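To keep things clear, I will list the structure first and then write my remarks on it.
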Amino acid sequence: MHHHVMMRLLFCLLAAVLLTGCAAPVPGGKWEIDRAVQQTFEAGQLFPEHSYYYLGSITAPESIIAIDNRFTLQTRVWAHIDMSEQRLNGWLQWYRGERYGGCDYYGGVILAPDGRRAGVWYSPNIFNIIRMPEPNVLEVFQPYSFMGRRCGEPNDDGPLPR
């Protein structure tokens with residue numbers, strides 16, 4: 001009897017491993033720092049043929065992304081906004097004055113799994129997860145900094161190092 005239980009358990013475990021291995025992983029892209037993108041954002045210039053999204057307050061968002069119009073953003077965290085140079089420059093003025101908790105802002109590119117440039121970002125948080133669940137559909141998660149925290153977020157040891 002004990003042998004049959006062990007065999008069934010082993011069979012179930014083997015089946016679970018095989019089925020998990022057969023599931024296709026969702027292709028991942030990249031969130032990379034790019035100095036030229038940072039300079040373009042900081043000059044208050046818009047990226048043509050891009051749709052803009054932000055995280056946080058509409059008056060002073062924590063992070064901004066601009067997704068190339070060849071792609072669709074699938075999101076639960078980013079808010080779409082009709083961007084203008086006036087709005088972008090207002091946000092930049094706030095960033096320069098407040099420095100969002102003392103954190104430096106960076107700019108960079110969002111790359112699709114095949115290496116195509118799918119968008120750009122501006123944020124104090126330099127790490128992120130990018131996924132493409134189906135062709136030309138992106139999922140851009142909430143960016144984070146060192147040790148999975150957001151820049152300026154305190155922990156038991158004090159604020160995050162900048």
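From the set of residues in segment 92-111 that are in contact with a Phe, Trp or Tyr (Cβ under 7 Å, 6 or more places away or on another chain) and within 30 Å of VAL26 (Cα to Cα), which is surrounded by the most Cβ atoms within 10 Å (Cβ to Cβ)? Looking at the filtered set, the residue picked out is ILE110. Among the criteria (1) buried (at least 21 other Cβ atoms within 10 Å of the Cβ); (2) in contact (Cβ under 8 Å) with a residue 60 or more places away in the chain, the one MET132 does not fulfil is (1).
Being modelled with pLDDT of 95 or more, farther than 18 Å from SER145 by Cβ and not basic (Lys, Arg) narrows it down to one of LEU88, LEU14, so name that one. Answer to the selection: LEU88.
Residues that are surrounded by 15 or more Cβ atoms within 10 Å (Cβ to Cβ), closer than 14 Å to TRP31 by Cβ and among the basic types (Lys, Arg) do not occur anywhere in segment 82-91.
In segment 91-121, the residue that is nearest to GLU42 (Cα to Cα) out of those that are modelled with pLDDT under 95 and in a loop (DSSP other than H, G, I, E, B) is TYR105. Of all residues in segment 70-86, those that are touching a residue at least 12 places away in the same chain (Cβ under 8 Å) have Cβ atoms under 9 Å from Cβ atoms of residues that are among the polar types (S, T, N, Q) and part of a loop (DSSP other than H, G, I, E, B), 6 or more apart or on another chain, in ARG70/ASN136; PHE71/ASN136; THR72/ASN136; VAL77/GLN142; TRP78/GLN142; GLU85/GLN45.
The values are calculated or read from the model by the stated rules, or taken from the named source; none is laboratory data. Computed from a predicted model, the values in this text were never measured in an experiment. All Cβ positions, glycine included, derive from the backbone under ideal geometry; neighbour counts span all protein chains shown.
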